[in-house]
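Every number here is computed from the coordinates shown, using simple stated rules; none is lab data. Please read all numbers here as calculations on a predicted model, not as lab measurements. Every residue, glycine among them, receives a Cβ derived from its backbone with ideal geometry; neighbour counts consider all protein chains shown.
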Amino acid sequence: MNESLSNMRAGGTVDKKHFRFTDLALDELATIAGRTPAYIYNRKLIEQKINQTRHYLPDDISLHYSIKANPHPQTVTMLAAQVDGLDVASHAEMLLALGTGTPASHISFSGPGKNDIELKAAIGAGIVIHVESVGELDRILKFGEQLSKEPNLVLRINPDFTARQSGMVMAGGPQPFGIDVEKVGNLLLKIKANGLFCKGFHCYAGSQMLNAELVAELQAKTLDMMAQLVDAHQLSGVSLNIGGGFGIPYFENDKALDLNYVATRLNEKLISLRRHMDIDKVIIELGRYLVAESGLYLARIIERKTSRDKQYLVLDGGMNHHLAASGNLGQVIRRNYPVRCLSSQAGALTETVSIVGPLCTPLDVLGADLLLPILLPGDLVAVLNSGAYGFSASPHRFLSHPPPLEVLI
Ligand SMILES: Cc1ncc(COP(=O)(O)O)c(C=O)c1O
């Protein structure tokens, strides 16, 4: 683990007095950004994370970036140059991905509700479509004929198992995502009957998984399921996208995913599969894992307020900019993201404070009961682990404050 990542990962609520985001202090970041609130993404940390991930993963894995985790255009452009492909979930993400120069055959398009315009654009550009239902396949076949273009088809499977201990389960049982595995055979026949080929399979089962054994087990089950389909339907040269869902340790006591363990088990599995199967490539698509720890949300204190026995610090931005840190992005229990601050006060005095945003709702809390140095209006507060599902996953229009800046340094 490199020093910068482990520093960010340290979590906790006690300020590290001289916290630096790689080589810059919070006031230097604010000066560069020009104003707060701002999301700051760190190019060096993203590169380190990609290199670290590649170092562990088997050499023959294609590493894709899921744009939905952080669609900031400059950040996507720098990521695109370092990964093997991009995963998109909308027309806008598709255009962003194409604009990076990534070949269309290395861009995949997932999502349960792809509209006609999106499907035609994907077929027109030659993007890999992760087909998620019979109806969607029918529309793709129709548009392919209309455009006289062969669609690039991969079937997304909803397996008959689930992702255990996942922060968000997206497979197993009834799902809007993917084709139930027992129906995949019928769709393969339909594709064949239309003179087309299924180029492979995709399965994305869940997000924010930290248990290496369970991730390895899920990957093995996913590959076994795909291998059975390949055998049963005599497919060759397939590409197998086994999802990702690798988590990051957001909170105190979270343990980082043991990627070495996951990669070792995956490597063993792939060696044995490749012995009897013609696999073109195996893809892992990651969003959060590649970018979450490389971003922070920087805000300034507007007001200090004491209410009865509680001390509050009110920031110039809150849940409207960072829904996840406020605990309102699907979390069952609200927990504090790690916070760092820069106090203008000399000395080592600390106090217990709650950090809230400027919105008129009790939901707008970015840090509850933190032990921090004494902070005054004008001082800076940074919420770490904010590089994924931050800016784009927040309700910026709520209460009509201006949106935060996004800066890649
Ligand atoms: C199909 C698909 N791929 C990739 C991702 C990215 O997940 P994560 O950010 O957890 O890596 C998601 C997230 O919902 C997804 O639905």
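For the chain, the mean residue ellipticity at 222 nm estimated from helices alone is -9000 deg cm²/dmol, where every DSSP H run of n ≥ 4 contributes -39500 (n - 2.57) and the total is divided by all residues, rounded to the nearest 500. Between the amide H of GLY200 and those of LEU155, SER239, distances stay under 5 Å, these residues lying 5 or more places away or on another chain, with hydrogens modeled in the peptide plane. Over the chain, all Cα pairs binned in 20 Å intervals from 0 give whole-percent P(r) values of 27, 52, 20, 2, listed from short to long.
Angle of helix 212-232 to the longest C-alpha principal axis of the chain, folded into 0 to 90 degrees and rounded to 10: 20°.
Take VAL134, VAL238 and order them by how many other Cβ atoms sit within 10 Å, fewest up front. Numbers along the way, then the final one.
On the way: VAL134 13, VAL238 22.
Starting with the residue having the fewest Cβ neighbours, the order is VAL134, VAL238.
Each of ILE32, PRO362, ALA92 was scored by the projection of its Cα onto the charge dipole of the chain, and the greatest displacement toward the positive side belongs to PRO362; charges sit on the C-beta of Lys, Arg, Asp and Glu.
Given R0 = 35 Å, the distance between the Cβ atoms of ARG308 and LEU376 translates into a calculated FRET efficiency of 0.95. The residue list GLY101, SER236, PRO159 was ranked by how far each Cα lies along the charge dipole of the stretch 71-286 toward its positive end, using unit charges on Cβ atoms, and SER236 comes out on top. Can you give the FRET efficiency to the nearest 0.05 for VAL134 and GLU217, using r as the Cβ-Cβ distance and R₀ = 25 Å? The pair VAL134/GLU217 has a calculated efficiency of 0.25. Subtracting the Cα-Cα distance of ARG335 and GLU252 from their residue separation scaled by 0.36 nm leaves 29.0 nm. For TYR261 and HIS233, what does the FRET efficiency come to when R0 = 35 Å and r is the distance between their Cβ atoms, rounded to the nearest 0.05? For R0 = 35 Å, the calculated efficiency reads 0.60.
Simple point charges give the picture: +1 on the Cβ of Lys and Arg, -1 on the Cβ of Asp and Glu, and for the stretch 156-231 a dipole about the Cα centre of about 340 debye. Among ILE242, ILE333, ILE46, the residue with the largest mean-square fluctuation in a Gaussian network model of the chain, with springs joining Cα atoms closer than 10 Å, is ILE333. Placing a pseudo-label 7 Å from each Cα along the Cα-to-Cβ vector at LEU95 and LEU405 gives an inter-label distance of 2.6 nm. For the stretch 71-286, the average shadow cast by the Cα convex hull is 12.0 nm², which is a quarter of the hull's surface. If the chain linking HIS396 and ASP180 were pulled fully straight, counting 0.36 nm for each residue of separation and taking away their Cα-Cα distance, it would gain 74.2 nm. Compared with the dominant principal axis of the Cα atoms in the chain, helix 43-56 is inclined by about 50°. In this Cβ point-charge picture (+1 for Lys and Arg, -1 for Asp and Glu), the stretch 210-312 has a dipole of about 500 debye about its Cα centre. Listed by chain and number, the lysines whose C-alpha is less than 23 Å from the C-alpha of LYS269, apart from same-chain residues fewer than 8 away, are LYS199, LYS221, LYS281.
Using Cα pairs closer than 8 Å and at least 6 residues apart in sequence, work out the relative contact order for the chain, in percent. With pairs under 8 Å counted, the relative contact order is 21 percent. Remark: the stretch 293-310, residue by residue, has Karplus-estimated 3J(HN,Hα) of 7, 9, x, 10, 10, 10, 9, 10, 6, 8, 8, 10, 8, 9, 10, 6, 9, 10 Hz, where x stands for each Gly or Pro and the curve is 6.51 cos²θ - 1.76 cosθ + 1.60 at θ = phi - 60°. Normalised by 2.2 N^0.38 Å, with N the number of residues, the alpha-carbon radius of gyration of the stretch 180-302 equals 1.32.
When +1 charges are put on Lys and Arg Cβ atoms and -1 charges on Asp and Glu Cβ atoms, the dipole computed for the stretch 71-286 relative to its Cα centre reaches about 400 debye. Against the chain, whose longest principal axis is taken from its Cα atoms, helix 116-125 shows a tilt of about 70°. Computed from backbone phi with θ = phi - 60° and the Karplus coefficients 6.51, -1.76 and 1.60, the 3J(HN,Hα) list for the stretch 357-370 is x, x, 7, 8, 8, x, 6, 7, 10, 9, x, 9, 6, 8 Hz; x is used for glycine and proline.
The stretch between THR22 and VAL169 holds 49.5 nm of extra length on full extension. This uses 0.36 nm per residue minus the Cα-Cα distance.
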